[in-house]
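The values are calculated or read from the model by the stated rules, or taken from the named source; none is laboratory data. If you're wondering where the values come from, they're calculated on a predicted model, not measured in any experiment. No Cβ is skipped: glycine too gets one built from the backbone with ideal geometry, and neighbour counts run over all protein chains shown.
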Amino acid sequence: MTELPTPFETLLGYSTLLAMWGALLLHWFFPVPPSANPLSLWRRVADAIADKVNHPDDEPQQRKLAGALAFGIMWLTLAVALIALKQLVWIPWLFDLLLLWLVLGWRPIVNQTQQLEQALAREDKPAARTLLAETLNRDTQSLSGVGIAKASCETLLLGYARQVVGVLFWYALLDGIGAFLYTLVVLLARTWPTRREEYAEFGLFSAAFLSVLDWVPTRLFALLIAAGHRFEPAMLAIRDNEKRWVTSGSDWVLSATGAKFQLSLGGPAIYDNQKITRPKLGGDIAPSSVHLALLNQQLRQKAWLWIVLQSFTMWFAHGFL
């Protein structure tokens with residue numbers, strides 16, 4: 001007669017799910033300091049490689065090829081190393097937990113947003129601009145109060161979409177290695193931003209690869225944001241934008257949020273002292289510190305809902321596999 005597994009043995013069967021929750025709790029109470037995170041070394045290596053192979057005098061096609069090769073060497077090398085390392089560890093779920101803990105960016109998003117809320121509330125524009133400059137790849141010193149609030153809302157939205165939802169989505173599909181490798185792509189796309197002239201061609205491959213990885217999770221997150229009150233206007237905004245231009249997953253997130261909360265997002269931005277035209281998304285209300293606080297609260301609730309839904313999905317998927 002076959003013995004039934006104990007509750008503890010049953011839980012161990014869902015080790016990937018338990019590792020996800022363990023990483024979330026560990027990240028929330030003991031986030032990895034940026035200075036101690038090995039990902040900071042990854043960005044420095046990316047900068048050093050770009051300095052060596054991204055030459056402004058080269059032909060555009062050559063710079064595109066150099067960017068693709070630099071991406072491939074860095075990303076594939078680490079992917080092979082992580083896959084090989086996982087074969088050697090004694091406790092695979094602990095390995096996944098540690099990788100996920102390293103790449104989750106939820107607490108930094110919340111902490112920065114709270115600091116921006118306080119700076120905007122006391123109308124301390126210099127402090128707010130300095131805070132934004134830490135994460136934005138564009139000029140912040142000329143931003144007005146409204147511009148700071150708008151940029152803060154967009155930073156918050158894309159932070160949740162990539163540093164929380166995107167990371168968890170790829171963790172569900174490919175465990176800790178998938179989450180880690182996705183975050184490396186995000187960092188390379190941010191280190192070599194195509195909106196800056198020096199990386200306009202060099203960073204194209206990284207940006208395109210990130211768009212592919214973001215295609216599903218950002219759109220699902222946009223639909224989750226749109227759910228509930230003002231669902232129809234949010235969906236209409238997404239459909240309208242799809243008709244006017246080829247949109248990315250981040251545009252879905254900004255469109256859905258702007259329409260749902262009637263906030264004005266998108267619009268022109270300054271990169272390397274040049275004004276870049278971006279589509280206007282959302283409603284007509286100029287964001288402020290109050291809207292930033294409200295958006296932070298709403299996104300926190302949506303993130304927890306995503307985690308619960310993903311947990312149930314992983315639970316049921318494990319039962320069928």
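General observations
Residue-by-condition table, conditions (1) over 15 Å from MET20 (Cα atoms); (2) in contact with a helix residue (DSSP H, G or I) (Cβ under 9 Å, 6 or more places away or on another chain); (3) modelled with pLDDT under 90; (4) part of a helix (DSSP H, G or I):
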| site | (1), (2), (3), (4) |
| --- | --- |
| PRO287 | yes, yes, yes, no |
| HIS291 | yes, yes, no, yes |
| LEU295 | yes, yes, no, yes |
| GLN298 | yes, yes, no, yes |
| LYS302 | yes, yes, no, yes |
| LEU305 | no, yes, no, yes |
| SER311 | no, yes, no, yes |
| PHE316 | yes, no, yes, yes |
| GLY319 | yes, no, yes, yes |
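- Lone qualifier among TRP101, TRP93 - being under 30 Å from LEU292 (Cα atoms), in a helix (DSSP H, G or I) and touching a residue at least 60 places away in the same chain (Cβ under 8 Å): TRP101
- Test: residue in region 218-230 that is of a type in the set (A, V, I, L, M) and exposed (fewer than 13 other Cβ atoms within 10 Å of the Cβ): no
- Considering region 34-50, the residues that are polar (S, T, N, Q) and either surrounded by 11 or more Cβ atoms within 10 Å (Cβ to Cβ) or under 19 Å from the mean Cα position of the chain (by Cα) (or both) include one that is farthest from GLY203 (Cα to Cα), namely ASN37.
- When residues of region 141-152 are limited to those that are touching a helix residue (DSSP H, G or I) at 6+ places or on another chain (Cβ under 7 Å) and surrounded by fewer than 21 Cβ atoms within 10 Å (Cβ to Cβ), the one nearest to ARG122 (Cα to Cα): GLY145
- Meets criteria (buried (at least 18 other Cβ atoms within 10 Å of the Cβ) and under 27 Å from LEU25 (Cβ atoms)) for THR155: yes
- Given (1) part of a helix (DSSP H, G or I); (2) within 16 Å of the chain's Cα centre (by Cα), index of the condition PRO193 fails: (1)
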